[in-house]
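The values are calculated or read from the model by the stated rules, or taken from the named source; none is laboratory data. Since the structure is predicted, the reported quantities are computational estimates derived from the model, not experimental observations. For neighbour counting, all protein chains shown are included, and Cβ atoms are generated from backbone atoms with ideal geometry for every residue, glycine included. We work out accessible area using only protein heavy atoms, side chains counted, and drop any ligands, DNA or RNA first. Shrake-Rupley method; radii C 1.70, N 1.55, O 1.52, S 1.80 Å.
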Amino acid sequence: MRVLLIGSGGREHALASSLAADPAVDQLIAAPGNPGIAAVAELRPVTATDPQAVAALAVEVAADLVVVGPEAPLVAGVTDAVRAKGIACFGPSGAAAVLEGSKSFAKDVMAAAGVPTARAVTCRSADEVAAALDAFGTPYVVKNDGLAAGKGVVVTDDRAAALAHADSCGQVVVEEYLAGPEVSLFVVTDGTAAVPLLPAQDFKRVSVGDTGPNTGGMGAYAPLPWAPPDLVDQVMAEVVHPTLAEMRHRGTPFAGLLYVGLAVTAAGPRVIEFNARFGDPETQVVLALLETPLAGLLHAAATGTLADHPPLRWRDGAAVTVVLASAGYPAAARTGDVITGAGQAGISHAGTARDATGQLVSAGGRVLSATGVGADLAGARDAAYRLLAGVDLPGGHFRADIALAAAEGRITLP
Ligand code: AMP
Ligand code: GLY
């Protein structure tokens, strides 16, 4: 099988490594990719958000399967253009990707499907925002209604800060605060059949102890030793299947990767958000534990044959990934710093580039991630931090507490 992977982040590096390791894949092309992905795939330039350009490249390389990683190309309708050429494509249609692209659309689908989520109000004016903040009380949760690369949400007790965020966004969703540990559950689906991957946990805040601003994600681990044993079954029954049925009912079936972001509250799991693609950096830990060949799984989802796919196999143990971010991230990421040690197995490149002399330099906020596996979370943490210790990035910063509370048994359910 010839596979074309679209994207250039840490998630795509992890996807590329797993796809390249699938014996059914005899050629892997990544576009545009990054210097880390270049070690496992042939890179081709492309504007990932240009549907016709991606479709033309898929035809040119005679792809049997196109896998679209990031949200922006999905929302732009890249998968529709690829499928119009008769090529199998993993990722939802542009119409279905609105589940991630618009928070108010997602809320509307959840309401229609009876999916448990935070109560919310879509607001278009400062008066509406003020009324909604007062109705829900603190902590205030204010979300940009559109795509914001994981940085469109402000959770704060400061009313002025909540109002200022709303003012900077235009249309916002104001919602009830959900208390409880967060879970990222990835579900591979062909629109009807649905297969959950291992639940993972992401670390959204930039600094140790879950302090500082939200980021795209500073680290992750899987599995979740504290999760209720029936959590995945419950989320499949109460969230995933009703949502997929509602999307079919609307004539826009959702096929691809449904990312369910949840809080496990005192009242049970509640949806915080849907994404239409694999999460970054949770993908790094989930794929590190997946033994089932990835290309076959994604091809089954892309061709409506997921019900016939064999059950997934997982390796025992745990995985932890730690993101190394550039100086100034998330406010203003410095670029152009020389990176060493980033060629080691287990490193996923995200914001890296080659400069004119061929040196590896930082080129974005989240520069790379280091993934370790071990018999348990403590062993996986050791492996991840040891790997990261071999990387040098001037001014780089990372969280030292990824998976620490879980490894020490300090996460409790409300
Ligand atoms: P989102 O982009 O919707 O995933 O939000 C980013 C982060 O903000 C989430 O991972 C949560 O940590 C936090 N968050 C969003 N919505 C809520 C909520 N209703 N209650 C508590 N925390 C939230
Ligand atoms: N790690 C969160 C996300 O991918 O949206």
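The residue list 244, 332, 140 was ranked by how far each Cα lies along the charge dipole of the chain toward its positive end, using unit charges on Cβ atoms, and 332 comes out on top. With distances taken between every two different alpha-carbon atoms, region 132-276 has a Kirkwood hydrodynamic radius of 16.5 Å. In plain terms, the C-alpha convex hull of region 223-342 casts an average shadow of 11.3 nm² when viewed from every direction. Taking the Cα centre of region 122-251 as origin and assigning +1 to Lys and Arg Cβ atoms and -1 to Asp and Glu Cβ atoms, the resulting dipole is close to 360 debye.
How much net charge surrounds residue 348 when only the other residues with a Cβ under 15 Å from the Cβ of residue 348 are counted, with Lys and Arg +1 and Asp and Glu -1? Could the numbers behind the result be given before it?
On the way: positive: 11, 366; negative: 12, 202, 280, 282.
Counting the neighbours of residue 348, the net charge comes to -2.
A straight line joining the Cα centroids of region 110-150 and region 229-288 runs 19 Å. Multiplying the residue separation of residue 158 and residue 305 by 0.36 nm and removing their Cα-Cα distance gives an extension gain of 48.0 nm. Taking all protein chains as shown and a probe of 1.4 angstrom, residue 354 keeps an accessible surface of around 140 Å². Dividing the mean sequence gap of close Cα pairs (under 8 Å, 6+ apart) by how many residues the chain holds gives a relative contact order of 16 percent.
Helix by helix, which DSSP H runs in the chain go 30 Å or more along their axis at the Cα atoms and have an average Kyte-Doolittle hydropathy of -1.0 or more? Working shown, then result.
Working: long enough: none.
Flagged H segments: there are none.
Quick one: which of 355-364, 78-87, 269-278 comes out on top by average Cβ neighbours within 10 Å, and what's the full order, highest first?
Numbers: 355-364: 15.6, 78-87: 20.1, 269-278: 23.2.
Ranking the peptides 355-364, 78-87, 269-278 by packing returns 269-278, 78-87, 355-364.
Tally Lys and Arg at +1 and Asp and Glu at -1 over the other residues with C-beta under 13 Å from the C-beta of residue 402: what net charge comes out? Don't skip to the answer; put the middle values down first.
Working: positive: 204, 205, 381, 399; negative: 202, 210, 282, 382, 401, 408.
Result for the local shell: -2.
For region 124-193, the equivalent ellipsoid derived from the alpha-carbon gyration tensor has semi-axes of 26, 15, 11 Å in decreasing order. Counting only protein heavy atoms and a probe of 1.4 Å, the accessible surface of the chain is 53% carbon and sulfur.
Accessible surface area normalised per residue over the chain is 37 Å², counting heavy atoms of protein chains with a 1.4 Å rolling probe.
Highest mobility in the GNM of the chain, judged by mean-square fluctuation with C-alpha springs under 10 Å and restricted to 295, 20, 161, is found for 161. Can you tell which of 398, 274, 99 lies farthest toward the positive end of the dipole of the chain, using +1 and -1 charges on the Cβ of basic and acidic side chains (Lys, Arg; Asp, Glu)? Among 398, 274, 99, the one farthest towards the positive end of the dipole of the chain is 398.
Measuring max minus min along each principal axis, the C-alpha atoms of the chain give extents of 56, 48, 41 Å (largest first). Taking a sphere under 15 Å around the Cβ of residue 292 and counting the other residues whose Cβ falls inside, with K and R at +1 and D and E at -1, yields a net charge of -2.
Taking 7 Å steps out from each Cα toward its Cβ at residue 345 and residue 331 produces label points 4.1 nm apart. Note on region 30-91 and region 172-187: Cα centroid distance 30 Å, given to the nearest whole angstrom. About its Cα centre, the chain has a charge dipole of approximately 360 debye under the convention of +1 per Lys or Arg Cβ and -1 per Asp or Glu Cβ, with nothing else charged. Rounded to the nearest 20 debye, the dipole magnitude of region 35-136 is 140 debye, with +1 charges on Lys and Arg beta carbons, -1 on Asp and Glu beta carbons, and the Cα centre as origin.
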